[in-house]
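Report on the following structure.
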Amino acid sequence: MDSQWRPFDTYHSPFDPCPPKPKSYIVPPNQFIVFQAKGMKQFAPQEALKRGTLWPDLYSPYEAMPQGGARS
Amino acid sequence: MWIYEKKLQYPVRVSKCDPRLAKFLIEQYGGADGELAAALRYLNQRYTIPDKVIGLLTDIGTEEFAHLEMIATMVYKLTKDATPEQLKQAGLAEHYVDHGSALFYHNAAGNPWTATYIQAKGDPIADLYEDIAAEEKARATYEHIINLTDDVDIQDSLKFLREREIVHALRFREAVEMLKEYQTEKKAF
């Protein structure tokens, strides 16, 4: 799992009707950069246009969940 | 479940006959950033948030109901002895037509409370940022109401409620910091 993802456990009772599903949420890098520093490493222009940011440190990849399943 | 204590969280004294102030206070009763919206928002979001911060949402959501009671007490005290004519002069004629001297969940402009005021996104970070924003907006609203009255007793209660918004906002910020950390430690030392 990508380092931006935070898996977490929830209580699952023996009486719960469905089998437990793994749960997680994403913490994008903007949460750690309160004020952007000067001179941060940059993507090449073409790469930056494709990714939506010039800075690798701010890039947050997001893949769709597998159909019918949860992120593991 | 809840246990009810039959007293207010902080005393409410109203020393000036000013039904018009009730019209302003109702914003914190049934407005977008009011105590009802806050309580319902937190107590609903808590089901899908990681275990670490469920207790925080339960505690703050419960306290918001205690604040709701304080606001209700202020509004009730300000309007219970007002004549229809006095309510009319206070801009509360429309309220009187529909609700008599009862309280109702609407904002200062008379718009009824709606669930569209609140959100549960199911994303812990997004939900907590909404909560922080809600607390800061409620703080600003209390400041506006304090500015609109010279009743020092009601100002005292409102200053207490304003301070609680400040503390709650900090607690939610702390919760964000906790969620930024890895939840299930797999580090080897």
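Throughout, read-outs are computed from the coordinates displayed, never taken from laboratory work. Note that the structure is predicted; figures quoted are calculated from it, not measured. With ideal geometry, Cβ positions are generated from the backbone for all residues, glycine too; neighbour counts draw on all protein chains shown.
I need A:TRP55, A:TRP5, B:TRP113, B:TRP2 ordered by Cβ neighbour count within 10 Å, fewest first.
Numbers: A:TRP55 16, A:TRP5 13, B:TRP113 19, B:TRP2 7.
Taking fewest neighbouring Cβ atoms as first place, the list is B:TRP2, A:TRP5, A:TRP55, B:TRP113.
Counting only other chains, and only Cβ atoms inside 10 Å, what mean value do you get across the residues of B:120-126?
On the way: counts 0, 0, 1, 2, 5, 7, 1.
For peptide B:120-126, the averaged partner shielding equals 2.
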Give the average, rounded to an integer, of partner chain Cβ atoms located within 10 angstrom of each Cβ in B:175-181. 2
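Output the direction-averaged projected area (hull surface divided by four) of the convex hull of the alpha-carbon atoms of the stretch B:1-159, in nm². Let's see the in-between values first.
Numbers: hull surface 38.5 nm².
That works out to 9.6 nm².
In Å³ and rounded to a whole number, note down the convex hull volume per residue for the Cα atoms of the protein assembly as shown.
Working: hull volume 57.0 nm³, N = 261.
Dividing the Cα hull volume of the protein assembly as shown by its residues yields 218 Å³.
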Using packing as a proxy for protection, rank B:151-161, B:21-31 so that the peptide with the highest average count of other Cβ atoms within 10 Å comes first. B:21-31, B:151-161
Looking at this model, which pairs from B:LYS6/B:LYS88; B:LYS7/B:LYS80; B:LYS52/B:LYS159; B:LYS137/B:LYS159; B:LYS23/B:LYS77; B:LYS23/B:LYS80 are more than 23 angstrom apart at the alpha-carbon? B:LYS6/B:LYS88; B:LYS52/B:LYS159
For each of B:TYR10, A:TYR11, count neighbouring Cβ atoms within 10 Å of the residue's Cβ, then give the residues from fewest to most. A:TYR11, B:TYR10
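How would you order A:40-52, B:93-105, B:126-138 from highest to lowest mean count of nearby Cβ atoms within 10 Å?
Values: A:40-52: 11.2, B:93-105: 13.7, B:126-138: 20.4.
Top of the packing list down: B:126-138, B:93-105, A:40-52.
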Final fewest-first order of B:CYS17, A:CYS18 on the 10 Å Cβ neighbour count is A:CYS18, B:CYS17
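I'd like the FRET efficiency for B:GLU143 and A:ALA44, computed as 1/(1 + (r/R0)^6) with the beta carbon distance as r and R0 of 41 Å, rounded to 0.05.
Here the calculated transfer efficiency is 0.25.
Net charge near B:ASP18, counting Lys/Arg +1 and Asp/Glu -1 over other residues with Cβ under 14 Å of its Cβ?
Working: positive: B:ARG13, B:LYS16, B:ARG20, B:LYS23, B:LYS77, B:LYS80; negative: B:ASP81, B:ASP150, B:ASP151, B:ASP153.
Around B:ASP18, the charge tally is +2.
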Longest principal axis of chain B (C-alpha) makes with the long axis of helix B:51-79 (C-alpha) an angle, in degrees to the nearest 10, of 0
Show me B:140-147, B:114-121, A:60-67 ranked by packing, highest mean number of other Cβ atoms within 10 Å first. B:140-147, B:114-121, A:60-67
Rounded to 0.05, the calculated FRET efficiency for the beta carbons of A:HIS12 and B:GLN89 at R₀ = 51 Å is 0.30
Please report how far the C-alpha centroid of the stretch B:82-114 lies from that of the stretch B:1-24, rounded to the nearest whole angstrom. 17
Calculate, axis by axis, the spread of Cα positions in the stretch B:5-87 along the three principal axes, and write the results as whole Å, longest axis first. 52, 25, 14
For A:3-14, what's the mean count of beta carbons from other chains sitting within 10 Å of each residue's beta carbon? 3
Over the stretch B:105-189, how many percent of alpha carbon pairs lie in each 10 Å bin up to the one with the longest distance? 15, 33, 30, 14, 6, 3, 0
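Return the calculated 222 nm mean residue ellipticity for the protein assembly as shown, to the nearest 500 deg cm²/dmol, obtained by summing -39500 (n - 2.57) across DSSP H runs with n ≥ 4 and dividing by the residue count. Please report the intermediate quantities before stating the final value.
Values: 9 runs with 124 residues, N = 261.
The helix contribution divided over the protein assembly as shown gives -15500 deg cm²/dmol.
What is the Cα radius of gyration of chain A over 2.2 N^0.38 Å, N being its residue count?
Numbers: Rg = 17.3 Å, N = 72, 2.2 N^0.38 = 11.2 Å.
It is 1.55.
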Where does helix B:152-180 land angle-wise versus the long Cα axis of chain B, in degrees 0 to 90, nearest 10? 20
